[in-house]
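Asker: Here's a structure for you.
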Amino acid sequence: MPGVELRIEERGAGPICRQILDTLPTWFGIPESVEDYVRIADVNPTVVASLEDRDVGILTLVTHTPYAAEIYVMGVRPEHHRGGVGRVMLTEAETWLTARDIEYLQVKTLSPRHPDPGYAKTRSFYLACGFRPLEEFPELWGADQPALQMVKKIARL
């Protein structure tokens, strides 16, 4: 995407994470969850997207095994939704993971059992990027927020 600069913060991206998530209260409106995302971004690799020296997106990775990692949190400022920022961050994350021989990438998001239209768009984004639904966890985040685990096989270089 023209004009987007990407960098990977190996550690210390918590403040950037907070800054981005604060612009997304529809998706990240539970303070305890935001604190968890900020904490995880502070100690794990995070892809940061910037436009004109302003951070506009984050994607934090957590490696669970030598073969698999998770997108723990991903967010793009609302004024940049559907502009390609998420896709370029995901491509950068996959490149980083492939260089470490990691084969699978997962993400958890709100299940379609919940009628939230914002999360329907989130699931569509992940489907378009090659993720596939693997399993639903009706109680992972509580009965009112069923989780859907999606997974993707990362292409080898």
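Asker: So which residues in the range 9-51 are surrounded by 16 or more Cβ atoms within 10 Å (Cβ to Cβ) and touching a residue at least 60 places away in the same chain (Cβ under 8 Å), if there are any at all?
Answerer: If the condition is that a residue be surrounded by 16 or more Cβ atoms within 10 Å (Cβ to Cβ) and touching a residue at least 60 places away in the same chain (Cβ under 8 Å), then 27 is the only one that fits.
Asker: Take the range 139-157 and flag every residue that is open to solvent by 60 Å² or more (accessible area, probe 1.4 Å) and either modelled with pLDDT of 85 or more or among the small types (Gly, Ala, Ser) (or both).
Answerer: Of everything in the range 139-157, those that are open to solvent by 60 Å² or more (accessible area, probe 1.4 Å) and either modelled with pLDDT of 85 or more or among the small types (Gly, Ala, Ser) (or both) turn out to be 143, 153, 155.
Asker: Report yes if some residue within the range 121-138 is of a type in the set (Phe, Trp, Tyr), out of contact with any strand residue (DSSP E or B) (no Cβ under 7 Å at 6 or more places or on another chain), at negative phi and buried (at least 17 other Cβ atoms within 10 Å of the Cβ); otherwise report no.
Answerer: Within the range 121-138, one or more residues are of a type in the set (Phe, Trp, Tyr), out of contact with any strand residue (DSSP E or B) (no Cβ under 7 Å at 6 or more places or on another chain), at negative phi and buried (at least 17 other Cβ atoms within 10 Å of the Cβ).
Asker: What are the pairs with Cβ atoms under 7 angstrom where one residue, in the range 131-145, is in contact (Cβ under 8 Å) with a residue 60 or more places away in the chain and over 26 Å from residue 87 (Cα atoms) and the other, located anywhere, is of a type in the set (Ser, Thr, Tyr) and surrounded by 13 or more Cβ atoms within 10 Å (Cβ to Cβ)? Sequence gap at least six, or different chains.
Answerer: none
Asker: Please go through (1) part of a loop (DSSP other than H, G, I, E, B); (2) under 20 Å from residue 20 (Cβ atoms); (3) modelled with pLDDT of 90 or more; (4) not basic (Lys, Arg) for residue 130 and return the number of the only condition it doesn't satisfy.
Answerer: (2)
Asker: Then there is this: Mind checking whether some residue in the range 129-136 is among the aromatic types (Phe, Trp, Tyr) and over 22 Å from residue 90 (Cα atoms)?
Answerer: Within the range 129-136, none of the residues are among the aromatic types (Phe, Trp, Tyr) and over 22 Å from residue 90 (Cα atoms).
Asker: In the range 97-120, which residue that is surrounded by 16 or more Cβ atoms within 10 Å (Cβ to Cβ) and of a type in the set (A, V, I, L, M, F, W, C) is farthest from residue 49 (Cα to Cα)?
Answerer: Residue satisfying both the conditions and the ranking: 110.
The values are calculated or read from the model by the stated rules, or taken from the named source; none is laboratory data. Since we're looking at a predicted model, the values are computed, not measured. Every residue, glycine as well, gets a Cβ built from its backbone with ideal geometry; the counts of neighbours run over all protein chains shown. With ligands, DNA and RNA removed, areas are computed over all heavy atoms of the protein, side chains included. Shrake-Rupley method; radii C 1.70, N 1.55, O 1.52, S 1.80 Å.
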